[in-house]
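Structure first, commentary second.
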Amino acid sequence: MCGIIGFTGYLDASEVLISGLSALEYRGYDSAGIACFEDGQIAVRKSVGKVAMLADKVSGTLHSFCGIGHTRWATHGGVSEVNAHPHSCGRVTLIHNGIIENYHELAGELAATGRIPVSQTDSEIAAMLIDSLYEGNPRDAIAKAASRLEGAYAFCILFSDIPETIYCIRKGSPLVACHTEDGSLVASDMVALLRYSKDYFVLPEDQIAVLSRHGIEVTELDGTVVTPVMLHVTWDMSAAQKNGFKHYMLKEIHEQPESLRRTITPRTMRCVYRHDDGSCAEYYLPDFTADKIPDSVFQDVNRVVIAACGTAMHAGLMGRILFERLLRIPVTVSIASEFRYENPILDETTLVITVSQSGETADTLAALRLSRERGAKTLSIVNVKGSSIARESDYVLYTHAGPEIAVASTKAYTAQLAAFYLIAFRFALARGAIKAEVCASMTEQLLSTIHSVDDTLLLKNQLKDISRHLVTASNLFFIGRSLDYALSCEGSIKLKEITYIHSEAYAAGELKHGTLSLITEGIPVIALATQSDVLSKMISNVKEVRARGAMVILITKKEAVVEESLYDYRVDLPDTPDLYAPFTAAVVLQLLAYYTSSYRGLDVDQPRNLAKSVTVE
Ligand code: AGP
């Protein structure tokens, strides 16, 4: 996924573009480039590496009031200056986020017109296509190109004979835009525009936005003018900055009490509940009225499918356990990239829950679209307001974690957990699977967990010390049972993606069926033992790995009785009932991964090869 920004107005365009790209760098950081109108010509500057490299190259060399900028996460073609965006052909210069799936076929056709690419990118083919169709009317050329392009795209396009003007179109990849007294701006997400405006609109798919310094005109492909729906960002610029923390990830780990409070509190209301016998009583219950999610969503289904990717999918693993425990209906969790090709069995009695921090993950969006095609009811748990997945779902439960900049998801994950807990409680109450007083008790316990998460952050020095013993590891295991197994999966991806240490999450009871052969002297095993009902079994599993020389880090609770000889390090979580331990244990695993990566001197916020949201397949 790439970062896109465009500006036309009264400010120094290269300054606006470079600062915007810096804000967007978490979306992709292999290479970067800008193209600006200067003295009636289009000047292009590109560089491999971080935006700072491009800034050095650009500083002081351009005098412009209109331009486009791009940070790349390579999909087609290696990391090189020639593959960096913007790409030009004839009178067209563009930047692109997405994947053009039929670019080989198009390249063959275009070669016949003498247009031979110099890069290995699909984006350059798009520039060549638009140029080949351009006869003086940009909208016509773009509309014709859109009818030929297959795949996902968000384009910002300059036409050399129409200065100070930017043309935009999107399909599958995000674009937001705003007009201010400084001029008109467009970007792949609001983080880059917040400095100029909190009011914006999402460019609808297959509509063309024309940005000039005087305003933005949006039209259908046939030229019909449309009025975009305006949205307002509720968070401010500081939410998207480090505010004194060394890394965004550390800041976002520490924001979890607040992000949980913002996600849970607006959905818990003291209300009068009418019992079946007609009596009434006051309870503190989950309430989705403001989210426009009626109880009927939960009453008319007999099966739930959760579809997501990465950490969001791991939140779904926890949701499945909760739902099956409380609702006693079948729940499955699908990796979204698998779901969409496994011909899933869906109908109007299925509730499909998609989970996505960005709301733009291509595979999850495709899973949602397939679910709707098959008649399933769709509810999404999303962090970015107005994102594609949010807009295309029947119902949305927003997590209010605020902007999550670090590639490794932390506060969004625990906010997704909170959403699943609230849905499970309301779902069970709506179906009569639990009584109101039980629902109220669980809801109040969820609220109390916010304080336990706060207390968990106080363990950071202990965790910092423990992580020193992981710095040189090359392989590592996470083991757990039940909720702890679901959490182990999340702990493993957190560690892998920012420390580059290979790790694997394993159901503790499964080790002896093969993987125990990999447990050798000194290999670190992080054992999650927070669930009392399986504690004795977990201790047996810890004995199995200990007997083979593993270095054991035990994450458990004060009351757990475990022989000291079984572990090297023990982390006792703050007091919470077992059901809520995933929230506090998640913070422990996040901090272990963070400090290990930090000690290894790695780029914690922007780990190699990754991007914050994968808007391509
Ligand atoms: C998690 O730390 C990763 N950044 C990644 O697995 C992420 O959760 C996944 O790509 C899904 O992103 P989304 O929540 O924006 O859909």
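The values are calculated or read from the model by the stated rules, or taken from the named source; none is laboratory data. As the structure is a computational prediction, the values presented were derived from the model and not from experiment. Counting neighbours? That spans all protein chains shown, and the Cβs are built from the backbone with ideal geometry, glycine included.
Of the residues Leu351, Leu327, which single one is crowded, with 19+ Cβ neighbours inside 10 Å, touching a strand residue (DSSP E or B) at 6+ places or on another chain (Cβ under 9 Å), within 16 Å of Arg372 (Cβ to Cβ) and of a type in the set (A, V, I, L, M, F, W, C)? Residue meeting the stated conditions: Leu351. Answer yes or no: is there a residue in the stretch 398-407 that is away from the ligand (no atom under 16 Å from the Cβ) and at positive phi. Scanning the stretch 398-407 turns up no residue that is away from the ligand (no atom under 16 Å from the Cβ) and at positive phi.
Let's see how each residue does on (1) among the aliphatic types (A, V, I, L, M); (2) touching a helix residue (DSSP H, G or I) at 6+ places or on another chain (Cβ under 9 Å):
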position	(1), (2)
Ala141	yes, yes
Ser147	no, no
Ile162	yes, yes
Ile166	yes, no
Val176	yes, yes
Ser184	no, no
Ala187	yes, yes
Arg195	no, yes
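Can you pull out every residue in the stretch 306-321 that is more than 8 Å from the ligand (Cβ to nearest atom) and surrounded by fewer than 24 Cβ atoms within 10 Å (Cβ to Cβ)? Scanning the stretch 306-321 gives Leu317, Arg320, Ile321. For Ala281, are the conditions met, namely being more than 24 Å from Ser387 (Cα to Cα), among the small types (Gly, Ala, Ser) and either more than 14 Å from the ligand (Cβ to nearest atom) or within 25 Å of the chain's Cα centre (by Cα) (or both)? In short, yes. Within the stretch 577-617, if we keep just the residues that are in a loop (DSSP other than H, G, I, E, B) and either aliphatic (A, V, I, L, M) or within 17 Å of Lys558 (Cβ to Cβ) (or both), the residue that is farthest from the ligand (Cβ to nearest atom) turns out to be Pro577.
Being more than 16 Å from the ligand (Cβ to nearest atom), farther than 11 Å from Leu476 by Cβ and either in a helix (DSSP H, G or I) or in contact with a Phe, Trp or Tyr (Cβ under 9 Å, 6 or more places away or on another chain) (or both) is a property that does not hold for Val525. Contact map, the stretch 603-617: residues that are within 15 Å of Ala593 (Cα to Cα) paired with residues that are near the ligand (Cβ under 9 Å from one of its atoms) and not in a loop (DSSP other than H, G, I, E, B), Cβ distance under 6 Å, separation 6+ or inter-chain. Pairs shown: Val604/Ile498; Pro607/Glu497; Pro607/Ile498. Being crowded, with 24+ Cβ neighbours inside 10 Å and assigned to a loop (DSSP other than H, G, I, E, B) is the filter here; which residues of the stretch 173-191 pass it? Once the filter is applied, which keeps residues that are crowded, with 24+ Cβ neighbours inside 10 Å and assigned to a loop (DSSP other than H, G, I, E, B), the stretch 173-191 yields Ser173, Pro174, Leu175, Ser188, Asp189. Only one entry in Arg431, Arg426 is crowded, with 19+ Cβ neighbours inside 10 Å and of a type in the set (D, E, K, R), namely Arg426. Screening Val297 with (1) under 23 Å from Leu495 (Cβ atoms); (2) touching a Leu at 6+ places or on another chain (Cβ under 7 Å); (3) not in a strand (DSSP E or B) gives one miss only, at (1).
Please work out if Leu592 is of a type outside the set (S, T, N, Q), closer than 12 Å to Ile253 by Cβ and in contact (Cβ under 8 Å) with a residue 40 or more places away in the chain. In short, yes. Among the residues of the stretch 550-557, are any within 16 Å of the ligand (Cβ to nearest atom), crowded, with 22+ Cβ neighbours inside 10 Å and at pLDDT 95 or above? No, every residue in the stretch 550-557 fails to be within 16 Å of the ligand (Cβ to nearest atom), crowded, with 22+ Cβ neighbours inside 10 Å and at pLDDT 95 or above. The set of residues from the stretch 322-334 being among the hydroxyl-bearing types (Ser, Thr, Tyr) and away from the ligand (no atom under 16 Å from the Cβ) comprises just one member, Thr332. Within the stretch 335-390, the only residue that satisfies the criterion of being of a type in the set (Asp, Glu), near the ligand (Cβ under 10 Å from one of its atoms) and in a helix (DSSP H, G or I) is Asp363.
Every test in (1) touching a residue at least 12 places away in the same chain (Cβ under 8 Å); (2) surrounded by fewer than 21 Cβ atoms within 10 Å (Cβ to Cβ) is passed by Ile169 save one, and that test is (2).
Report yes if Phe155 is buried (at least 24 other Cβ atoms within 10 Å of the Cβ) and among the aromatic types (Phe, Trp, Tyr), otherwise no. Judged against the criteria, Phe155 is a match.
Pairs linking a residue in the stretch 308-319 that is more than 12 Å from Phe420 (Cα to Cα) to a residue that is of a type in the set (D, E, K, R), with Cβ atoms under 8 Å and 6 or more positions apart or on different chains, are Cys309/Asp363; Thr311/Glu490; Thr311/Lys494. Is at least one residue of the stretch 394-406 more than 18 Å from the chain's Cα centre (by Cα), crowded, with 24+ Cβ neighbours inside 10 Å and over 21 Å from Ala154 (Cβ atoms)? Among the residues of the stretch 394-406, not one is more than 18 Å from the chain's Cα centre (by Cα), crowded, with 24+ Cβ neighbours inside 10 Å and over 21 Å from Ala154 (Cβ atoms), which makes the answer no. Any residue that is without any contact (Cβ under 8 Å) to a residue 60 or more places away in the chain, assigned to a strand (DSSP E or B) and either aliphatic (A, V, I, L, M) or more than 16 Å from the ligand (Cβ to nearest atom) (or both) - is there at least one of those in the stretch 569-576? Yes: one or more hits. Considering the conditions (1) farther than 26 Å from Val218 by Cβ; (2) of a type in the set (Ser, Thr, Tyr); (3) surrounded by fewer than 19 Cβ atoms within 10 Å (Cβ to Cβ), Thr121 is excluded by exactly one of them, (3). With respect to (1) under 28 Å from Thr615 (Cα atoms); (2) more than 16 Å from the ligand (Cβ to nearest atom); (3) surrounded by 12 or more Cβ atoms within 10 Å (Cβ to Cβ); (4) acidic (Asp, Glu), the lone exception for Asp287 is condition (1). Whenever a residue of the stretch 351-378 is without any contact (Cβ under 8 Å) to a residue 40 or more places away in the chain, its partners that are away from the ligand (no atom under 13 Å from the Cβ) and in a helix (DSSP H, G or I), lying with C-beta atoms within less than 6 angstrom and at least six residues away or across chains, give the pairs Thr378/Ser371; Thr378/Arg372.
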